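The values are calculated or read from the model by the stated rules, or taken from the named source; none is laboratory data. Not measured: the values here are computed from a predicted model. Counting neighbours? That spans all protein chains shown, and the Cβs are built from the backbone with ideal geometry, glycine included.
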Amino acid sequence: MKKVIKLIGIILLSINLYASDLEDGFEVYKKGDKQKAIELFTKSCADGNAIACTQLGLMYNTGDGVKQDNFKAKDLFEKACEKGENAGCSNLGNLYRKGQGVKQDFFKAREFFVYACNVARAMACFNLGLKYANAEGVKQDYAKAKELFGKACDGKIEDGCKNYVIINKKIKQRTYI
């Protein structure tokens, strides 16, 4: 019994340290110390924190505090997505949609957006809605785009709300013509 209690204590301590690097990373990032944030996110990501991997991927994708490297961003987003981190999957979908660090592939982008959207990632729903509205790797389907923009809007994505209205008008115009 003492071994079990000791093991639980070790696990709880490691979870606390795991979260601490991530939280500290966000704190120093907000204060503008991006080098220290990168160090903390890198450590936290290496320890298995998918949110840290996503944040680090975003920094590499945009060149925020590091030299822009979409190949590194892809690896980090993949690591996060494999652990079920929705933002990592959505960002990986964006890389495939734009052909950044990977060969442009609308079908793969769609797969990542569908996965992330199905687990309540509003931005992924928005991106998937764009694919259906613009026939990027899928058959154009305004009704599906409207549904997805609605989910994005419900998730507080302003462009999702705007596109919902635009698509709704297109659907109404098509039914009267």
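Considering only residues in region 45-97 that are of a type in the set (Gly, Ala, Ser) and not in a helix (DSSP H, G or I), the one that is surrounded by the most Cβ atoms within 10 Å (Cβ to Cβ) turns out to be 65. Between 104, 100, 140, the distinction of being over 19 Å from residue 78 (Cα atoms) and among the polar types (S, T, N, Q) belongs to 140 only. Of all residues in region 156-169 being in a helix (DSSP H, G or I) and at pLDDT below 90, which is nearest to the chain's Cα centre (by Cα)? Among those that are in a helix (DSSP H, G or I) and at pLDDT below 90, it is 160.
Among the residues of region 134-155, are any farther than 30 Å from residue 39 by Cβ, of a type in the set (Val, Ile, Thr) and assigned to a loop (DSSP other than H, G, I, E, B)? Yes, there is a match, as at least one residue in region 134-155 is farther than 30 Å from residue 39 by Cβ, of a type in the set (Val, Ile, Thr) and assigned to a loop (DSSP other than H, G, I, E, B). Could you tell me whether any residue of region 119-140 is crowded, with 20+ Cβ neighbours inside 10 Å, more than 24 Å from residue 84 (Cβ to Cβ) and out of contact with any Asp or Glu (no Cβ under 7 Å at 6 or more places or on another chain)? Yes: one or more hits. If you check 99, 88, 63 for being under 20 Å from residue 37 (Cα atoms) and without any contact (Cβ under 8 Å) to a residue 24 or more places away in the chain, only one passes: 63. Checking every residue in region 97-109 against the condition of being modelled with pLDDT under 90 and either over 15 Å from the mean Cα position of the chain (by Cα) or charged (D, E, K, R) (or both) gives zero matches.
Can you confirm whether residue 104 is part of a loop (DSSP other than H, G, I, E, B), out of contact with any Phe, Trp or Tyr (no Cβ under 6 Å at 6 or more places or on another chain), within 24 Å of residue 55 (Cα to Cα) and of a type outside the set (Phe, Trp, Tyr)? Spelling it out, residue 104 is indeed part of a loop (DSSP other than H, G, I, E, B), out of contact with any Phe, Trp or Tyr (no Cβ under 6 Å at 6 or more places or on another chain), within 24 Å of residue 55 (Cα to Cα) and of a type outside the set (Phe, Trp, Tyr).
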